[in-house]
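Notes for the one structure printed next.
Each reported figure results from applying straightforward, stated rules to the coordinates on display, with no laboratory input. Since the model is a prediction, treat every value here as computed from it, not as a measurement. Glycine also receives a Cβ, built like all others from the backbone with ideal geometry; neighbour counts cover every protein chain displayed.
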Amino acid sequence: MSDAAVTAELRHWMLAQLGAGRSPDAILAAMRDVGWTQDQATAALQLVLTPAPEEEPRAGRTPGPALDGSPSSIVVDGHRVHVLAVMQRPRLVVFGGLLNDAECDALVELARPRLARSETVDTATGSTEINGARTSDGMFFARGETPLLARVEQRIAALLRWPVERGEGLQVLRYRPGAEYRPHHDYFDPDRPGSAAVLARGGQRVATLVIYLSSPDGGGATSFPDAGIEVAPVKGNAVFFAYEAPKPWTRTLHGATPVLGGEKWVATKWLRQRRFD
Ligand code: PD2
Ligand code: ZN
């Protein structure tokens, strides 16, 4: 299929559907309903999801582990991290044993007394707000706040080949039974007026690492509706995903499914384009 076969109107409709959290399968089904064949619809959707030249990856490298030769583990600072799964679009890697049990427990106990109901950045204004789509409690550590945090940050920087200074401080979230985080993108929408203030400090977010600090008794997966994958929360494991541009075609829409039993704790590290001070 050529680019010309996808009208601007169709492209706009597909991106709006993806942006609203509709899955590619649902979009293909809607197209079949109005007469497209499965093959035609799939080809058209693939064209729209392929970055246009002006949206190609930013100048400079993007963060990510060294995966040449498909290693089953990577040793960083003397610590062996397992590579459990790798996906191309989104660029996603599931790690095993990034933190040991004692490190997870210590982060939880450091965070616990500082938890508050989670807020999100309102990109209309640039300020933070309580958000019903996110029912967890959370807090932020400053970078290098304790020797443990400095060690964990150093391990992440070595694993993802991205300088510590280009990372936000770790955020810790606690989800109790019923708590969830509805699907969202972690990048800041550059078209929203409030984003300018957020982007001035360190530039755009380019990748996310969610580290599981506990294994809940049920639920609490990190789900990627556009990619059709769910990552189970297992203590010490982590899911990494990168976005080459702040666009839905990166297929990095993701959320946390409701916790069904026990508590889910995570530490999230967001990586920025530039130094984040
Ligand atoms: O806790 C998670 O699984 C999760 C899911 C989606 C965390 C985040 N987003 C985040 O911290 O941005
Ligand atoms: Zn997120």
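Worth a mention:
- Relative contact order (%) - the chain, alpha-carbon pairs under 8 angstrom, separation at least six: 23
- Each principal axis of the Cα atoms in the chain has its own extent, and those three values, largest first, are 58, 42, 38 angstrom.
- Prolate/oblate/rounded label for region 232-277 (Cα gyration tensor, a/c 1.5): oblate
- Virtual spin-label span in nm between residue 109 and residue 32, 7 Å along Cα→Cβ: 5.4
- A simple rule links phi to the HN-Hα coupling: the Karplus curve 6.51 cos²θ - 1.76 cosθ + 1.60 with θ = phi - 60°, which for region 242-254 gives 10, 10, 6, 7, x, 9, x, 5, 5, 6, 9, 4, 7 Hz, with x for Gly and Pro.
- Taking the C-alpha atoms of region 142-259, convex hull volume expressed per residue in Å³: 120
- Fewest-first ranking of 212, 187, using other Cβ atoms within 10 Å as the exposure measure: 187, 212
- Average silhouette area of region 199-277, convex hull of alpha-carbon atoms, in square nanometres: 5.6
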